[in-house]
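Report on the following structure.
The values are calculated or read from the model by the stated rules, or taken from the named source; none is laboratory data. Please read all numbers here as calculations on a predicted model, not as lab measurements. Ideal geometry is used to build each Cβ from the backbone, glycine not excepted, and the neighbour counts take in all protein chains shown. The accessibility values were calculated without ligands, DNA or RNA, using every heavy atom of the protein model including side chains. Shrake-Rupley method; radii C 1.70, N 1.55, O 1.52, S 1.80 Å.
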Amino acid sequence: MFRSYRYRIQPNRKQAKILSRIIEMHRGLYNDALDERCYLWRARRASVNYYHQAKQIKDIRSDDPDLLLLNFSSIQQTLRRLDKAFAAFFRRIKRGETPGHPRFKSRRRWRSVEYRFGDGIGWAKNGRLRVQKVGNIRIFLHRPMPSEAKIKAAVITRHRDGKRWFVCFQLELPDPSPVAHPGPAVGIDLGVSTVAALSTGELVKAPRFYREAQRELRVKQRRLSRRKKGSSDWRKAARQVAKAHERIAGQRKDFNHKLSRHLVDEFSFIGVEDLNILGLSRSNLAKSVHDAAWGQLLACLRYKAEEAGAEVV
């Protein structure tokens, strides 16, 4: 069983500058690898996979000394990231869906770098996070990791505002042993005004975080539309809009985590209606469906039930 734990890190000014440079170099490697694949396919109809490109890493690093700043395995992870994008692209083609070819990454769309834990990243003696070529970074462990967990990888991410930094640990945990849950069974009907109607008669009202924030958002978005795109005032207004959306997403996520925890702790069997969420999100109820975030609630229910000994169908 795999779980992810995210923590806030606080690099100093020099460390943040190095981390930003590392992320930018990984973005360049990703775009170069994508460009090579596209060029070879157009020129010779030749396909290139991860293994062909990974063999070039040593030669590329010897030709460009600046790349010695990057951890070797982190470069491999960036190339694997591109390989996964192409695998998903071809999978969508086989299913007859709109494929969406992998695209070049702008600075706005590339904000993270992945390390294999123990190779380029690990724990320092003072309890800080040690990152190769960066140093020991202060980390806020606001919740303890399970003692039996094995850290497989760590992803360092720069927030959209360019100021905050996070690290996400990918943990491997032993599969939970079957536990007899003492609670009863329940059926749940999902809705937009009442987010969950339980067969016990309990009704959970939809909080509608987006609709409640619409007036504030409208003001900020109008202010953004009046600014000259790319100017300092435009960037400031864009940050305010992004911050408002981030707050809404955080409130919605917090609500779904608390609701799903309550349900799996109280009930041993949870039956949920099979909804076409994607189809409904494209109907005239789109705004309400997105605001209700049924998909996020179901995802929280499934993984929490696995640990609590409950069953979700």
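Below is a table of values for the structure above.
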{"quantity": "Solvent exposure of region 105-250 as accessible area per residue, Å², 1.4 Å probe", "calculated": "64"}
{"quantity": "Contour minus Cα-Cα distance for Ser199 and Arg235 (0.36 nm per residue)", "calculated": "8.1 nm"}
{"quantity": "Values of log10 I(q)/I(0), in the order q = 0.08, 0.09, 0.13, 0.14 Å⁻¹, for the chain under a Debye, Cα-only, solvent-free model", "calculated": "-0.51, -0.65, -1.29, -1.38"}
{"quantity": "Region 178-227, relative contact order [Cα under 8 Å, separation at least 6], %", "calculated": "19"}
{"quantity": "Normalised contact order of the chain, rounded percent, pairs of Cα under 8 Å and 6 or more residues apart", "calculated": "18"}
{"quantity": "Only Lys, Arg (+1) and Asp, Glu (-1) charged, at Cβ; region 70-109 dipole about Cα centre in debye", "calculated": "180"}
{"quantity": "Percent of C-alpha pairs per 5 Å bin, region 38-141, short to long", "calculated": "2, 10, 14, 18, 19, 14, 10, 7, 4, 2, 1"}
{"quantity": "Where chymotrypsin sites (Phe, Trp or Tyr not before Pro) fall in DSSP loop in region 179-240, at most 13 other Cβ within 10 Å", "calculated": "none"}
{"quantity": "GNM top mover of Asp63, Asp83, Asp175 - the chain, alpha-carbon springs below 10 Å", "calculated": "Asp63"}
{"quantity": "Test item: Cα-centred dipole of region 178-273, Lys/Arg +1 and Asp/Glu -1 on Cβ, debye", "calculated": "1540"}
{"quantity": "Gain on full stretching of the segment that runs from Val219 to Arg61 - 0.36 nm per residue minus C-alpha separation", "calculated": "51.9 nm"}
{"quantity": "Assigned charges on the beta-carbon of Lys, Arg, Asp, Glu; the chain dipole about Cα centre (debye)", "calculated": "2380"}
{"quantity": "Per principal axis, descending, Cα span of region 178-313 in whole Å", "calculated": "61, 29, 23"}
{"quantity": "Cα-projected label distance for Arg227 with Arg128, points at 7 Å along beta-carbon direction, nm", "calculated": "3.4"}
{"quantity": "The chain: antiparallel DSSP beta bridges as a percent of all, rounded to 5", "calculated": "85"}
{"quantity": "Nearest-0.05 FRET efficiency for Cys168 and Lys258, computed from C-beta distance (R0 30 Å)", "calculated": "0.90"}
{"quantity": "Degrees between helix 13-44 axis and first principal axis of the chain (Cα, 0 to 90, nearest 10)", "calculated": "80"}
{"quantity": "Carbon and sulfur %, accessible surface of the chain computed with the full protein complex present, 1.4 Å", "calculated": "50"}
{"quantity": "Selected from Gly100, Ser260, Gly295, residue furthest toward positive end of dipole (the chain; charges at beta carbon)", "calculated": "Gly100"}
{"quantity": "Surface accessible to a 1.4 Å probe, Met25 within the full protein complex, Å²", "calculated": "30"}
{"quantity": "At most 11 other Cβ within 10 Å, DSSP loop - trypsin sites (Lys or Arg not before Pro), region 109-196", "calculated": "Lys125, Lys163"}
{"quantity": "Coil-residue trypsin sites (Lys or Arg not before Pro) of region 201-237, DSSP, other Cβ within 10 Å capped at 12", "calculated": "Arg226, Lys228, Lys229"}
